[in-house]
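> First, the structure itself, so that you have it in front of you.
The values are calculated or read from the model by the stated rules, or taken from the named source; none is laboratory data. Quantities reported herein were computed from a predicted structural model and do not represent experimental measurements. Here the Cβ is made from the backbone with ideal geometry for all residues, glycine too, and neighbour counts use every protein chain on show. Heavy atoms of the whole protein, side chains included, go into the accessibility calculation; ligands, DNA and RNA do not. Shrake-Rupley method; radii C 1.70, N 1.55, O 1.52, S 1.80 Å.
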Amino acid sequence: MPRALNRKELKLRKLTHISIHHQTTGAANNRPTWDNQIEFLMSCIATSVGLGNVWRFPFVAYQNGGGAFLIPYIIVLILIGKPMYYLETVLGQFSSSNCVKMWALSPAMAGTGFVQTLGAFYLVSYYVALIALCLYYLAMSFQNPLPWAVCDPSWVDCVPSGESVNISSIGGNATSSAELYFTQTVLRQSDGIHNGIGVPLWDLTLSLFISWLIIYVIVARGVKSSGKAAYFLALFPYVVMIILLIRAVTLPGAANGILFFVTPVWSRILEVRVWYAAITQVFFSLSVCSGTLIMFSSYNKFGQNVYRDSMIVTTLDTFTSLISGITIFGVLGNLAYELNYDDVSQVVGSGGASLAFISYPDAIAKSPFVPQLFSVLFFLMMATLGVGSGVALISTINSVLLDAFPSVPVALMSGGLCTSLFLVGLIYVTPGGQYILELVDNYGGTFMRLFAAITETIGIFWIYGLENLCIDIEYMLGKKTSFFWRICWALITPILMIIVFFYALITTERLIFGENYVYPEGAYIAGYVLQYVGIALVPLFIFKALWKYRSSSFIETVKRAFHKKPIYGPRDENKRESWKQFRQEAKLTRQAKRKNWFYHIIIVLFKGYSYRKIGTK
């Protein structure tokens, strides 16, 4: 009996060695890389700086205390946003793997990667529908006058947006032509979805097809094509943004709008819902826990300074959000001035899509200086921002599929994925499409990603081990991990996210569309299915791993399921051997210096052990 067991062990070791050799040599040689590190940086900027910076951040800030919201937002950015961003770029670069295969560091937690991939699928399915709306408005922007600046004869109680008229002074149910154009002409929006969502609208379907075609052309050759496109996708929006900023701050009444945006409502700063809004905005804006950052950094060279890149992108993203807020509310301040409103809140609207497709077009229509020019610039910028994020989300899903089916050509996989998502996206270009978009965004968006972020930090810092990760970083980048990152990763970041997660779970109310539309019961059930199917993937893969690695001892089963696989580590075989040696020396150092568990935890949290430095670049 003992002899048979030894043979099995020898056979297992032999098979493991063959598997490791295949994955660390063949895979390393075949995996594409960026042509230069600037492509990675530009791709991250194009991903993180998206539509959410332009229409979501200003309205979320306004809703949650104006200038007072900026304080929790900056705190959350520093304590959660930056640590999570840096963490994910490190994980992707070190393992050269996507958000699923990276979990070779703890196989039982692989469900986290699938949650992130599913979240990317949900997000990109409706995100491209927003790009389609931007392209539609872009095409209409060349008309004179702008089609939303005038009233259609069939519209009742319509006030032309091209004229400076105070709607409130008219009385009745007067509505701006910009709002009626968006709901009646563009969306042909139904009164609800109790009787179905209707059939896809041909013009929006065409815009959706063009949007997906643009994305396909960019991702068809993987990083070789998306890396080149990233220069334009990252830089062009800033050119337009600066032009619009200069124009916005020079408009009459702009100062009132900007002050309205930044004036703090201090009573709101201690409300938990404000902090929840800050966390959700950071997640949405930086694209953390969507799998994109891990995917992009997996194409880096092993020694690239992702610490520097992470700090650049996260800082630039916040700067962009502030610029967008000042620009948007400067325009809204001018709109209030033109309409003789006493309060800017009267022209803010309901946020979200209405801010991008009603309030801003309404303001553009009133511009005396070539409104068509500013309309073209604005919607071209919006479409470019959307394409940048859409490319990243599609590439994330693509990387998971291509690693699972390596024999399928990139162009074919990309074509199949884009076609499938185009067909799914037809739901959003129906008369009831906005109702479905709101539902998917609410239930399939941030809440699920927040859960994935919590399980990600638990799996890495509490299971794989904080000190093990810091050793990996020291080997890869040649720098020790400071106290700030250690304390955030191990305690502050996960604890804050857990608190906010349970707050959201307890206080969540049923979604209401607009001001008072209540969805049919089946829609709420579908929303909960979207949300909890994703969350269920984590325990499902834990049970799967426990079954796969089962043994006669439950403790041994748990150890096997959660312990890193032999294939985890640098893909280059020489670096892998050097890394293993470095880890072994680090382990011996810890054993020699550790006095007790309490001493060990304090050292790990505050400074880490001192190890021999090995250059790996």
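> Only one of (1) within 25 Å of F378 (Cβ to Cβ); (2) surrounded by fewer than 24 Cβ atoms within 10 Å (Cβ to Cβ); (3) in contact with a helix residue (DSSP H, G or I) (Cβ under 9 Å, 6 or more places away or on another chain) fails for T327. Which number is that?
(2)
> Let me ask something additional. If you take the residues of segment 526-554 that are among the hydrophobic types (A, V, I, L, M, F, W, C) and open to solvent by 100 Å² or more (accessible area, probe 1.4 Å), which of them is modelled with the lowest pLDDT?
Result: F554.
> Go through (1) surrounded by 13 or more Cβ atoms within 10 Å (Cβ to Cβ); (2) modelled with pLDDT of 80 or more; (3) not β-branched (V, I, T) for G65 and report which single condition fails.
The failed condition is (2).
> For segment 33-62, what are the residues that are of a type in the set (F, W, Y) and part of a helix (DSSP H, G or I)?
F40, W55, F57, F59, Y62
> With Y73, Y86 as the choices, which residue is assigned to a helix (DSSP H, G or I), under 30 Å from S345 (Cβ atoms), in contact (Cβ under 8 Å) with a residue 60 or more places away in the chain and open to solvent by less than 10 Å² (accessible area, probe 1.4 Å)?
Step by step, each of Y73, Y86 is checked, and only Y73 is assigned to a helix (DSSP H, G or I), under 30 Å from S345 (Cβ atoms), in contact (Cβ under 8 Å) with a residue 60 or more places away in the chain and open to solvent by less than 10 Å² (accessible area, probe 1.4 Å).
> Restricting segment 556-608 to residues that are open to solvent by 90 Å² or more (accessible area, probe 1.4 Å) and assigned to a loop (DSSP other than H, G, I, E, B), which is modelled with the highest pLDDT?
Filtering segment 556-608 for residues that are open to solvent by 90 Å² or more (accessible area, probe 1.4 Å) and assigned to a loop (DSSP other than H, G, I, E, B), the one modelled with the highest pLDDT comes out as H563.
> Can you give me the number of residues within segment 37-65 that are β-branched (V, I, T) and farther than 14 Å from F261 by Cβ?
Total meeting the criteria: 4.
> Being without any contact (Cβ under 8 Å) to a residue 60 or more places away in the chain, out of contact with any Lys or Arg (no Cβ under 7 Å at 6 or more places or on another chain), closer than 19 Å to L377 by Cβ and not in a helix (DSSP H, G or I), is that true of even one residue in segment 234-257?
Yes, because at least one residue in segment 234-257 is without any contact (Cβ under 8 Å) to a residue 60 or more places away in the chain, out of contact with any Lys or Arg (no Cβ under 7 Å at 6 or more places or on another chain), closer than 19 Å to L377 by Cβ and not in a helix (DSSP H, G or I).
> Can I ask one more? I'm trying to understand the selection: among the residues of segment 481-513, which are loosely packed, with under 15 Cβ neighbours inside 10 Å, touching a residue at least 60 places away in the same chain (Cβ under 8 Å) and over 24 Å from the mean Cα position of the chain (by Cα)?
F483
Yes/no matrix, rows are residues, columns are (1) at pLDDT 90 or above; (2) out of contact with any helix residue (DSSP H, G or I) (no Cβ under 6 Å at 6 or more places or on another chain):
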residue: M476; (1), (2): yes, no
residue: F484; (1), (2): yes, yes
residue: L505; (1), (2): no, yes
residue: I512; (1), (2): no, yes
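> Another question about this same structure. Look through Y231, Y216 and report the one residue that is assigned to a helix (DSSP H, G or I), among the aromatic types (F, W, Y) and either modelled with pLDDT of 90 or more or surrounded by 19 or more Cβ atoms within 10 Å (Cβ to Cβ) (or both).
Y216
> Residues in segment 89-147 that are more than 22 Å from the chain's Cα centre (by Cα), of a type outside the set (G, A, S) and farther than 30 Å from P160 by Cα: how many?
So the count comes out to 2.
So that you can scan it fast, the table gives a plain yes or no per residue for (1) open to solvent by less than 10 Å² (accessible area, probe 1.4 Å); (2) aliphatic (A, V, I, L, M):
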residue: A46; (1), (2): yes, yes
residue: V49; (1), (2): yes, yes
residue: P58; (1), (2): yes, no
residue: G81; (1), (2): yes, no
residue: G119; (1), (2): yes, no
residue: L123; (1), (2): no, yes
residue: A129; (1), (2): yes, yes
residue: C134; (1), (2): yes, no
residue: Q143; (1), (2): no, no
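> To continue, here is another question. Only one residue in G415, G459, G432 is more than 30 Å from Y609 (Cβ to Cβ) and open to solvent by less than 10 Å² (accessible area, probe 1.4 Å). Which one?
G432
> Kindly establish whether R550 is of a type in the set (K, R) and assigned to a helix (DSSP H, G or I).
no
> If only one of I394, I358 is of a type in the set (A, V, I, L, M) and modelled with pLDDT of 90 or more, which one is it?
I394 is the lone residue from the list that is of a type in the set (A, V, I, L, M) and modelled with pLDDT of 90 or more.
> Can you report the number of residues in segment 255-286 which are buried (at least 23 other Cβ atoms within 10 Å of the Cβ) and farther than 29 Å from L123 by Cβ?
1
> Additional query: Out of segment 387-426, which residues are β-branched (V, I, T) and either out of contact with any Gly (no Cβ under 6 Å at 6 or more places or on another chain) or not in a helix (DSSP H, G or I) (or both)?
V387, V391, I394, I397, V400, V408, T419, V424, listed by residue number.
> Residue check: is F405 modelled with pLDDT under 85, over 22 Å from L187 (Cβ atoms) and surrounded by fewer than 23 Cβ atoms within 10 Å (Cβ to Cβ)?
Here the answer is no, as F405 does not meet what is asked.
> Here's another thing I want to ask about it. Would you tally the residues in segment 514-543 being touching a residue at least 40 places away in the same chain (Cβ under 8 Å) and under 25 Å from G113 (Cα atoms)?
So the answer is 14.
> If I ask for residues that are surrounded by fewer than 24 Cβ atoms within 10 Å (Cβ to Cβ) and of a type outside the set (S, T, Y), which ones from segment 299-312 would you list?
Residues satisfying the conditions are N300, K301, F302, G303, Q304, N305, R308, D309, M311, I312.
> Kindly list, by first and then second residue, each pair from a residue in segment 260-277 that is free of Cβ contacts under 8 Å to residues at least 12 places away in the same chain and outside any helix (DSSP H, G or I) to a residue that is open to solvent by less than 70 Å² (accessible area, probe 1.4 Å) and small (G, A, S), limited to pairs with Cβ atoms under 7 Å and residues at least 6 apart or on different chains.
Between residues of segment 260-277 that are free of Cβ contacts under 8 Å to residues at least 12 places away in the same chain and outside any helix (DSSP H, G or I) and residues that are open to solvent by less than 70 Å² (accessible area, probe 1.4 Å) and small (G, A, S), there is no close pair.
> How many residues does segment 448-491 contain that are closer than 15 Å to V604 by Cα and not in a loop (DSSP other than H, G, I, E, B)?
24
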